[in-house]
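Notes follow the structure.
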């Protein structure tokens with residue numbers, strides 16, 4: 001009986017997908033309980049779908065299924081995760097764990113998965129466990145953050161990062177407010193209780209923060225497992241969605257704070273407008289010799305134009 005199902009969201013990252021799937025399946029072979037893999041293929045045009053089909057043929061011992069986004073259906077990250085998890089619960093009613101895994105992840109062994117399962121077995125109040133991740137170079141990568149505040153949003157992500165305002169509280173570890181989905185071992189009962197990601201409000205950015213916040217209100221916690229065997233590294237390969245990441249981030253963060261802090265957050269839009277104007281001017285002064293100067297200024301200009309409309313383009 002399948003107890004763990006790995007969930008992958010694939011979209012035009014074939015060069016990352018190959019290594020990710022290979023490392024995942026190698027690790028899953030070392031897991032004592034029976035496992036399966038479900039991939040949500042969001043409409044890749046780089047050969048990812050074809051490679052997955054061939055991988056399944058070449059590796060019949062792997063219980064791997066691919067579901068493809070239909071033209072009339074949502075194909076966002078959140079929608080894909082929800083669809084894959086729903087299928088997993090339908091096909092494998094004995095499933096206890098989801099292992100949310102992304103194409104820019106890589107596993108050295110099954111040790112992180114086994115540690116996470118053991119931790120969740122001991123802590124019935126913890127809904128999900130992530131990992132201390134690194135890049136392929138060995139450099140540490142971000143694994144989680146505190147629940148965001150209005151103050152952080154007002155000063156902006158750069159100052160927030162510089163002042164380490166969103167860094168997890170060291171004294172609370174291994175518990176953490178938010179652990180990113182890259183990768184993440186999730187208790188199925190917690191996923192079902194929460195309803196998964198809110199794909200309508202948060203199709204991409206902040207879907208994991210909103211989910212973590214809703215879990216917290218339900219009494220669940222999240223945790224991080226200390227390990228050196230997990231990689232989160234896109235190797236400088238940005239997704240097609242990344243070109244509008246700045247606007248998406250601000251739109252989603254405003255929605256997130258409104259949902260969990262209250263509609264009064266909208267009163268700070270004039271201050272956000274002021275921040276964007278200052279950022280544009282500073283970029284204009286400092287980025288004169290840079291090649292991406294025009295792109296950086298355009299992104300800030302789009303924020304200035306849309307902030308009073310909740311970052312929605314008219």
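Output yes when any residue across region 188-199 is under 24 Å from residue 107 (Cα atoms) and either surrounded by fewer than 23 Cβ atoms within 10 Å (Cβ to Cβ) or at pLDDT below 95 (or both), and no when none is.
yes
Considering 67, 38, which residue is within 21 Å of residue 195 (Cβ to Cβ), without any contact (Cβ under 8 Å) to a residue 40 or more places away in the chain and assigned to a strand (DSSP E or B)?
67
Quick check on this structure: which one of 258, 312 is part of a helix (DSSP H, G or I) and either modelled with pLDDT of 95 or more or assigned by TED's automatic domain parsing to the domain that holds residue 15 (or both)?
258
Just name the residue that is farthest from residue 250 (Cα to Cα) out of those in region 278-293 that are loosely packed, with under 15 Cβ neighbours inside 10 Å and modelled with pLDDT of 85 or more.
Per the stated criteria, the residue is 285.
Can you tell me which condition residue 228 does not meet? The list is (1) closer than 30 Å to residue 16 by Cβ; (2) surrounded by 18 or more Cβ atoms within 10 Å (Cβ to Cβ); (3) modelled with pLDDT of 95 or more, and all the others hold.
Result: residue 228 fails condition (2) only.
If you go through region 129-149 one residue at a time, do you hit one that is modelled with pLDDT of 95 or more, closer than 21 Å to residue 35 by Cα and surrounded by fewer than 19 Cβ atoms within 10 Å (Cβ to Cβ)?
no
Tell me which residues, restricted to region 76-107, are assigned to a loop (DSSP other than H, G, I, E, B), touching a strand residue (DSSP E or B) at 6+ places or on another chain (Cβ under 8 Å) and either modelled with pLDDT under 95 or more than 18 Å from residue 204 (Cα to Cα) (or both).
Taking region 76-107 as the starting set, the residues that turn out to be assigned to a loop (DSSP other than H, G, I, E, B) are 76, 92-96, 103-104.
The next check asks that each one be touching a strand residue (DSSP E or B) at 6+ places or on another chain (Cβ under 8 Å); those that pass are 92, 94-96, 103-104.
Result: 92, 94, 95, 96.
Examine region 55-64 for a residue that is assigned to a helix (DSSP H, G or I) and in contact with a helix residue (DSSP H, G or I) (Cβ under 8 Å, 6 or more places away or on another chain), and state whether such a residue exists.
Taking every residue of region 55-64 in turn, at least one turns out to be assigned to a helix (DSSP H, G or I) and in contact with a helix residue (DSSP H, G or I) (Cβ under 8 Å, 6 or more places away or on another chain).
Under 17 Å from the mean Cα position of the chain (by Cα), in a loop (DSSP other than H, G, I, E, B) and either closer than 23 Å to residue 81 by Cβ or outside the structural domain of residue 278 (by TED's automatic domain parsing) (or both): which single residue out of 244, 252, 182 fits that description?
That would be 182, the only listed residue that is under 17 Å from the mean Cα position of the chain (by Cα), in a loop (DSSP other than H, G, I, E, B) and either closer than 23 Å to residue 81 by Cβ or outside the structural domain of residue 278 (by TED's automatic domain parsing) (or both).
When residue 128 is evaluated against the numbered criteria (1) closer than 24 Å to residue 276 by Cβ; (2) assigned to a strand (DSSP E or B), which criterion, by number, is the only one it fails?
(1)
The values are calculated or read from the model by the stated rules, or taken from the named source; none is laboratory data. Quick caveat, the model's predicted, so the values are computed rather than measured. Cβ: placed from backbone, ideal geometry, glycine included. Neighbour counts: every protein chain shown.
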